[in-house]
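Encoded as C-alpha cells, the structure appears first; notes follow it.
Throughout, read-outs are computed from the coordinates displayed, never taken from laboratory work. Quick caveat, the model's predicted, so the values are computed rather than measured. With ideal geometry, Cβ positions are generated from the backbone for all residues, glycine too; neighbour counts draw on all protein chains shown.
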Amino acid sequence: MDSRTWIVTYRVVFALAALFAIGYQFVDGRNTNADFRPGNFWSFFTIQSNLFAALVLLAAAWRMRDPRPSSWFDLVRGAAVVYLSTTGVVYGLLLSGYQEELQTTIPWVDTMLHRLIPLVMVADWLIDPPSRGIDRRAATIWLLYPLAYMVYSLVRGPIVDWYPYPFLDPGAAGSYGVVALYCVGIALGVGVFAAIVLKLSRRAEHAAPAM
C-alpha cells in the first residue's frame, strides 16, 4: 500500500468512525434519556467540531485524486485541526468526568470524540501538511467559529434554560464574570492552537524544496 492509499484509507476510516459515534450516541440518547433534546445534543462544541472534522477528512480523502494544492482547502483543514485541538484540550482540562452532562455516556464514544479524533486531526496535519504556508491574515478566520459558538451558547442558554458546558453556565460557574474569564481563557487557547497550526504549515512550506 503506497502512502497516498494509506492516507486516503485512514481518513475515510476515521471519518466514518466519528460519524458513526455521533449517530450512535444520538440514537442511544433518544432511546434511553427521557430528558434528551436534539437541539441540545447538536449544540455541543464536541459534536459540531467532530462532525466538521469528519466531513473535512472525507473531503481530504476525495481531494487526494487531485495533486494540485488548494489554499482554501488548506485553510479549511487548518480550521478542523484548531477546533479539534480545542475540543481535546478543553475536555482534558475542564470536562473530564462530565460524561453525563456532555451526553457522551458511552465510553467508546467519549474516547472517540474527545480523544481519538482530536489526535487524528493533528496527526493528519503532520503526515500530510499543506504544500504552501497559510496566510496569517486568512488564518484569523479560524477564530470566528469558536467566538460565535460562545455567543450562541450564552444567548441560547437563558432561553432554553440549558448550557452545553458548566463553565458557560453562570449558575454553575458562579457568575457571569467567571464565565467571561473562562471565555477569555478559551479564546486565548484557540489563538495559541491557531498559531501553532499556522507555524506548522509554514515549516512545511520551508521544508518543501528539500523534499
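Tell me, what ³J(HN,Hα) does each residue in the stretch 91-98 have, in order and in whole Hz, if you take phi through Karplus 6.51 cos²θ - 1.76 cosθ + 1.60 with θ = phi - 60° and put x for Gly and Pro?
Running phi through 6.51 cos²θ - 1.76 cosθ + 1.60 with θ = phi - 60° gives 4, x, 8, 10, 10, 4, x, 9 Hz.
Who wins for biggest fluctuation among TYR91, TYR24, TYR163 in a Gaussian network model of the chain, springs between alpha carbons below 10 Å?
TYR24
What are the ³J(HN,Hα) couplings of the stretch 149-163, residue after residue, when phi is run through the Karplus curve with 6.51, -1.76, 1.60 and θ = phi - 60°? Round to Hz, x for glycine and proline.
My calculation for the stretch 149-163 gives 5, 5, 4, 4, 5, 6, 6, 6, x, x, 5, 9, 6, 7, 10 Hz in order.
Can you sort ILE47, ILE127 from fewest to most other Cβ atoms within 10 Å of each residue's own Cβ?
Placing the least packed residue first, the sequence is ILE127, ILE47.
Between the stretch 59-113 and the stretch 146-196, how many Å separate their Cα centres?
One Cα centre to the other: 19 Å.
With P(r) over Cα pairs in 10 Å bins from 0, in percent in mind, check [x] 8, 30, 33, 22, 7, 1, 0; [y] 8, 33, 34, 18, 6, 1; [z] 8, 34, 38, 16, 3, 0 and report the label derived from this structure.
[y]
Given the options ALA17, ALA173, ALA79, which has the most mean-square fluctuation in a GNM of the chain, springs set between C-alpha atoms less than 10 angstrom apart?
Residue with maximal mean-square fluctuation among ALA17, ALA173, ALA79: ALA173.
Could you derive backbone 3J(HN,Hα) for the stretch 6-23 from the dihedral phi with the Karplus parameters 6.51, -1.76 and 1.60 (θ = phi - 60°), listing whole Hz in sequence and x where the residue is Gly or Pro?
5, 5, 4, 4, 5, 5, 5, 4, 6, 5, 5, 5, 5, 5, 5, 4, 4, x
Among PRO67, PRO107, PRO170, whose mean-square fluctuation peaks in a Gaussian network model of the chain (Cα, cutoff 10 Å)?
PRO67
Would you order THR5, THR87, THR105 from fewest to most other beta-carbon atoms within 10 Å of each residue's own beta-carbon?
By the 10 Å Cβ count, ascending, the order reads THR5, THR105, THR87.
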